[in-house]
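The structure appears right after this line, and notes come after that.
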Amino acid sequence: MSEPRERPRRGLLVAAVVVGLSLALAPVVFQMFSRAPGGGDMIDGFRPYMTEAKIGRYQRDLGIIDAAHTQIGRSLLPALSDGLGLDDGQIIARFPSFASFTDDWPAIEADMGGMLRTMRGDIPNYEAVDALPPFALFPWFFVVPGLFIAGLGIAALVASRRGRATRGLLIGLAVMGIGVVAAPAIFQMFTRAPKGADMINDFRPYMTDSKLQSIQGYFVTIAAGEGNLRTAVLPAIPSGSRPEIDRFVGEWPGIFRDFAPMIATMQENIGNYQGVDALPPFDLFPWFFVVPGALVALCAFGARPRHSRRTRPS
Amino acid sequence: MHTRTRVVLATIAALALVGTSTASAGVTAKKKSSALVGTFQVDPAACTTADVSGSYFRMVAAGGTAEAGPFLPNGDSTCTDPTYTGLTAGTDGGLRTGGYQPQPDPPFDGAGNGLADAIIQPVTFFALNFAVSTNATDPQSGDAVSAPKIVASKKGALTGQVEAISVAYGDQQFNQGAPKPDGSATGGTSKLRGTYDKKSGAYTIEWTSQIAGGSFDGFTGVWHFEGTFAKASKKKG
């Protein structure tokens, strides 16, 4: 009499197949095939700017303008009022762009300074995200193991139905499950993903069309003010020692050139940012591997073959 | 002849008549307009009074319109109204149709000033010079673009395309053509229009072009060229 074939628990195998297919379909549900590469482009785009040196340079630029603004208040405005006898209304009428800059700068400095402090604080978070595997590969981290799991589960079900051995397939399934559980640890996602979430949260106020328009407006205000200052205000008053103002005027073209590409990068990545922001929170991502991986491993373990009936010696 | 046959023949004759007249109308329409191939010479701006004439540029802030502004005041403008920036002719005298006036390589100096000077002289805008050129490949989008083409109607109305117009400024490139390199003329971008006096050669052309991408995304350039059209001399074979 032949030994009866081992038969795995089919219900658990079906569950493993369902988990595998769910894993494989997750990128489609979350539109990761379009959003993840966009996120990768955003990370690439910001790479030149997310450094201590670059943001330090931007903060120095703002410092130059701020120092000039302080000197304008201390020596230039008195020179206009006392020297030329202009009251506030006359200054506004005669030097409108200069007056706008003088009035608006404190708010501009507060907002831009805050943005730069946020960016600087997010450099470690950015570096953690940048150290993850390329974003464009992310969907495939779900699809490939998901399809393997589903394929192994289906193969085990078919083998079981045909009375063939399933032990190897179940071991493969368990290995796949454990591999999926281990993946976040291998890629240090438990530490890096929450940092990515922090960065995404911090950037949210700045990565909108309206905010970008405001920032563009700041530079128009500064540029127009500097032009008005250089071509109209300074020639109208007696020369004097105004080193901070001279430095601002001298360095403004370079300051503008510093900031312009970063503003362009922000503008070009608003859509990419919004795509990433629409994904599930970054700090959940490790669990998107751990939970299904553990389920698959448990299903494989629980589906271990049992003899269909015990044979008793006659 | 049967009635049905008569109807069929009459229909065919009518269709033939319509077709012939449409074709001849097309020929007539072609004759009514002619492409102006040569140089639209740029007269400098006269803008020291409120009445601005000559060639100039204005920039509309994002969200504004070419009709209502708001226009950016250029502190470096020599115009009474600093929202106007005067233009002066470049080494070619102006904008050439039927060919390109490409930017030099490199297109910028070390300070980020644009260097192209064939169409107009580089213009200081917010402390940096912008320069205008036309290139077979648009420097901003990387798209292939046609050389400028401007057509005059018999009545002297100018239409056409200047999709290859590009501005180099602050180490960045901005397409300022109409239509845009992808053929669109939406948002702040409007088709080129103008006037032309065949006898004197005097012309005006205007177009607006909304910047797409970069640090000035959403801003719109308003271009007004004025001067005399000089027809290209035919090369002897």
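Every number here is computed from the coordinates shown, using simple stated rules; none is lab data. Predicted, not measured: the structure shown is a model, and the values here were computed from it. Heads up, the Cβs are rebuilt from the backbone with ideal geometry, glycines too, and the neighbour counts pull from every protein chain shown.
Taking 14 Å as the straight-line reach from the Cα of A:Lys54, the aspartates and glutamates in range (excluding those fewer than 8 positions away in the same chain) are A:Asp122, A:Asp258.
If each residue's Cβ is checked for other Cβ atoms within 10 Å, how do B:Ser133, B:Ser141 rank with the fewest at the top? Intermediate values should be presented prior to the final figure.
Details: B:Ser133 25, B:Ser141 18.
With the fewest neighbours first, B:Ser133, B:Ser141 line up as B:Ser141, B:Ser133.
Each of A:Ala264, A:Thr231, B:Ser55 was scored by the projection of its Cα onto the charge dipole of the protein assembly as shown, and the greatest displacement toward the positive side belongs to A:Ala264; charges sit on the C-beta of Lys, Arg, Asp and Glu.
The alpha carbon convex hull volume per residue for chain B rounds to 191 Å³. Post the alpha-carbon centroid distance, the range B:127-162 to the range B:58-106, in whole angstrom. Spelled out, the Cα-based centre of one part sits 13 Å from the other.
Taking θ as phi - 60° and the Karplus parameters 6.51, -1.76 and 1.60, the scalar couplings of the range B:192-198 work out to 5, 9, x, 10, 8, 9, 4 Hz in sequence order, x denoting glycine and proline.
Just to confirm a number: summing +1 for Lys and Arg and -1 for Asp and Glu over residues other than A:Glu244 whose beta-carbon lies under 15 angstrom from that of A:Glu244, what do you get?
On the way: positive: A:Arg60, A:Arg74, A:Arg230, A:Arg242, A:Arg247; negative: A:Asp61, A:Asp66, A:Glu109, A:Glu226, A:Asp246, A:Glu251.
Charge balance in the 15 Å sphere: -1.
Taking the protein assembly as shown, the Cys residues with no second Cys beta-carbon under 4.7 angstrom are A:Cys299. Among B:Cys47, A:Cys299, a tally of other beta-carbon atoms within 10 Å of each Cβ gives an order, fewest to most, of B:Cys47, A:Cys299.
Quick one: angle between helix A:10-29 and the longest Cα principal axis of chain A, in degrees between 0 and 90, rounded to 10, please. Relative to chain A, helix A:10-29 is tipped by roughly 20 degrees. For the range B:133-237, the spread of Cα positions along the three principal axes, ordered from largest to smallest, is 43, 34, 24 Å.
Charge dipole of chain B (Cα centre as origin; +1 on each Lys and Arg Cβ, -1 on each Asp and Glu Cβ, all else neutral): 2020 debye, rounded to the nearest 20.
Find out how many positive minus negative residues lie around B:Ala127, taking Lys and Arg as positive, Asp and Glu as negative, among other residues whose Cβ is under 11 Å from that of B:Ala127. That sum, taken over residues with Cβ under 11 Å, equals -1.
In this rough spin-label picture, where each label sits 7 Å from Cα along the Cβ direction, the A:Ser22-A:Thr191 distance is 3.1 nm. Taking a sphere under 9 Å around the Cβ of B:Pro179 and counting the other residues whose Cβ falls inside, with K and R at +1 and D and E at -1, yields a net charge of 0.
Placing +1 on the Cβ of every Lys and Arg and -1 on the Cβ of every Asp and Glu, with no other charges, gives the range A:127-226 a dipole of roughly 980 debye about its Cα centre. Between 0 and 90 degrees, the angle of helix B:3-32 with respect to the longest Cα principal axis of chain B falls at about 30 degrees.
Magnitude of the charge dipole for the protein assembly as shown, about its Cα centre and with charges confined to Cβ atoms of Lys, Arg (+1) and Asp, Glu (-1), is about 4360 debye. The spread of Cα positions in the range A:34-79, taken along each principal axis and listed from longest to shortest, comes to 58, 21, 7 Å.
Counting only alpha carbon atoms, the long axis of helix A:96-121 and the longest principal axis of chain A meet at about 30°. Between A:Val158, A:Val290, A:Val143, which gets the highest mean-square fluctuation from a Gaussian network model of chain A, Cα cutoff 10 Å? Of A:Val158, A:Val290, A:Val143, the Gaussian network model singles out A:Val158 as fluctuating most. Between their Cα atoms, which of B:Lys180/B:Lys234; A:Lys211/B:Lys191; B:Lys149/B:Lys199; B:Lys155/B:Lys191; B:Lys32/B:Lys199; A:Lys211/B:Lys180 are more than 23 Å away from each other? Checking Cα-Cα distances, B:Lys180/B:Lys234; A:Lys211/B:Lys191; A:Lys211/B:Lys180 exceed 23 Å.
In the protein assembly as shown, a dipole from Cβ-located charges (positive for Lys and Arg, negative for Asp and Glu) runs towards its positive end, and of B:Gly214, B:Ala131, A:Phe288 it is A:Phe288 whose Cα lies farthest in that direction. How much FRET efficiency would the formula 1/(1 + (r/R0)^6) give for A:Ile171 and A:Glu127, where r is the Cβ-Cβ distance and R0 is 41 Å, rounded to 0.05? For A:Ile171 and A:Glu127, the calculated efficiency is 0.60.
How big, in percent, is the set of alpha carbon pairs in chain A lying more than 25 Å apart? Let's see the in-between values first.
On the way: 31049 of 49141 pairs.
Summing the P(r) of chain A above 25 Å gives 63 percent of all pairs.
Compute the longest continuous run of chain B that contains no exposed trypsin sites (Lys or Arg not before Pro); treat a site as exposed when its DSSP state is not H, G, I, E or B and it has at most 16 other Cβ atoms within 10 Å. Could the numbers behind the result be given before it?
Numbers: sites that count: B:Lys154, B:Lys155, B:Lys198, B:Lys199, B:Lys234, B:Lys235, B:Lys236.
No qualifying site falls inside B:1-153, the longest such stretch.
In order along the range B:168-178, the Karplus-derived 3J(HN,Hα) couplings, from 6.51 cos²θ - 1.76 cosθ + 1.60 at θ = phi - 60°, round to 9, 7, x, 6, 10, 10, 10, 5, 10, x, 9 Hz, and Gly and Pro are given as x.
Between B:Ser33 and B:Thr78, the contour length at 0.36 nm per residue exceeds the alpha carbon distance by 12.4 nm.
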